[in-house]
Amino acid sequence: MSDSPPDLSSPSQATVKPENRRHGKEMLLKRGGMKERSIFKRFRKLRKDTCNTCDSYKIQVNDPGRGVEAKNAAEAKLSMYDCLRIANESFYTKLYSNSWVWYKAALHEAEDPDIRHYIIAHMDAVEYEHDSEWTNNEWTNDEYRFLKKIKDDKNQSQQDPIYFKLCRGEQFLSSKERSQLHCYISHCGNAFLALRPIKIEEINSDPEMYLIYDAITNAEIHTAKQQAYKQLSRSTLQNGRYPEETRVSQTAWIRNDSHPALLTVMKRIQAITGLYAHENEEDIFGDSYGAEPLQVLSYGIGGHYLPHMDTYFKHKSKKHWGFSLKGSGDRLATWMFYLSDVVKGGRTAFPSAGVAIMPVKGAAVFWFNMYRNGHANPRTLHGGCPVLLGHKWVANKWIFENVNVLRRPCGLHPDM
C-alpha cells in the first residue's frame, strides 16, 4: 500500500477550520481528495472495491488478513494514508458509517498535529452529514448508517448485513432445515447419464437449489476459458450500462455451436435439469428460444457482483412486463458452472434464503428463479461475494420459461 498522502502536498493544506463544520461536505470535496484529478480518477474504482471487500469480510484496518483464516493472512499493511483514501471514498459515496470508522483508524495512527486536525475536521463533516440524514430519514445506503446518531455514540459498531455474514461463511439454516436436505446420485432418468450418474446435493428448498458435482470436466473448462479469452470485456448490467461499483468482472458470451465440447456441455445441462437449454431451441410457434448463450465471467481480487435478481422483468411491477425477449419469456432458471476453485472469498450468497455456496471447480449450482405460477421468487436475490485471494471463473446458462412451459408446468397451488 502507498505511504503518500491523498491529494495533500503539505500538512498545511490538510488544515480545515472547525467553524466550517456546516460546510464540511464542500470542504471535504475540495481538501480531502474528492476534487476530480487524474490520479483520483485512476484509483477511485480501486478504492471502491477495497471498501466493499473490507466490509464484506470485516477486514481490520492494520491487517488486511485479519478477519479471515490466519493461514491465509496477507503480508500487506494499510498505512494511515491508505486509511484516509478509503475514508474519503466512503464519504464520497455516502457510506458514512464506513467513512467514520476509517477516519478513526487514520486518527489513531496519525502523529503530525496538522494531519490530526485535518482528520478531526473531516470527521466533523461525516458526523454532520450522517446525523442530518439520520434525522430526515433520507438514507441512500441504509446498511451504511449507524443505529444511533454519531453525536450520541461515537464508538458504535457498523451494521453487519446478512449478505456480508454469508460471504464470510456463516450459516443461517436451522438444524431442522438442514436435516430435510439430502445428497444422492442419479442419472435423472436420462440415458445420456446412464453410464455417468450425477452427484447432487440439495442446498435449499425455497428456492429449489442444487449443487451438482463433476458437472463439467477439466478439458471442457479449458475449452470454455479458451473460447472466452478472445472476447473478455468489462461486465455491464442488464441495461447495458457500465456499473460503478455494482459489478466488477469481465464477461464473454460463447454459443453452444462454437465448439463441439460446449455442445456436449449443453446436452448435459438438459439431461440433468429436464429443460430445453439450447439457444436455438424454438417452441411450436417458432418465436421462443430455450436459453441464452453461455456467459463466462472472470473475477480477479476484489471482483464481485452485488445482490441482484436474474429475472429480467418479473420481479418488477407489471407495467414493466412488456419486455419479453422475442416471446421467450423471462429467465426461468439459472445454471452456474464453477470453472475454478477460489482460495478465499467468492461465495455465491442468497441473503433472503440464508444460504451461500463456496465455489468448487467442476461443480455447478442450479436454481429456479420463478415459482411454477410464473411469478419471480424474491428469495433468489443473490450476489457474488468479493474475491479475497485467488481468481474466480464461472459460466452461466440462463434458461427461458416459454419453451419449457410443458417441462415445468404450473402446480396445483395458485400462489406457488
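Quick notes
- Its Cα gyration tensor gives the range 335-395 an equivalent ellipsoid. The semi-axes, each the square root of 5 times an eigenvalue, are 24, 13, 7 Å from largest down.
- Structure note, pairs LYS94/LYS151; LYS104/LYS344; LYS104/LYS151; LYS165/LYS344; LYS94/LYS165; LYS165/LYS267: Cα-Cα distances above 25 angstrom occur for LYS104/LYS344; LYS165/LYS267.
- Surface accessible to a 1.4 Å probe, per residue, for the residues of the range 163-248, Å²: 60 Å²
- Of the trypsin sites (Lys or Arg not before Pro) in the range 135-226, those whose Cβ has at most 13 other Cβ within 10 Å and which sit in DSSP loop: LYS148, LYS151, LYS154
- Of the chymotrypsin sites (Phe, Trp or Tyr not before Pro) found in the range 149-245, the ones in coil according to DSSP and having at most 15 other Cβ atoms within 10 Å of their Cβ are PHE172.
The values are calculated or read from the model by the stated rules, or taken from the named source; none is laboratory data. Keep in mind that this is a model prediction, so the values were computed, not measured. Glycine also receives a Cβ, built like all others from the backbone with ideal geometry; neighbour counts cover every protein chain displayed. Side chains included, ligands, DNA and RNA excluded: accessible areas come from the protein's heavy atoms. Shrake-Rupley method; radii C 1.70, N 1.55, O 1.52, S 1.80 Å.
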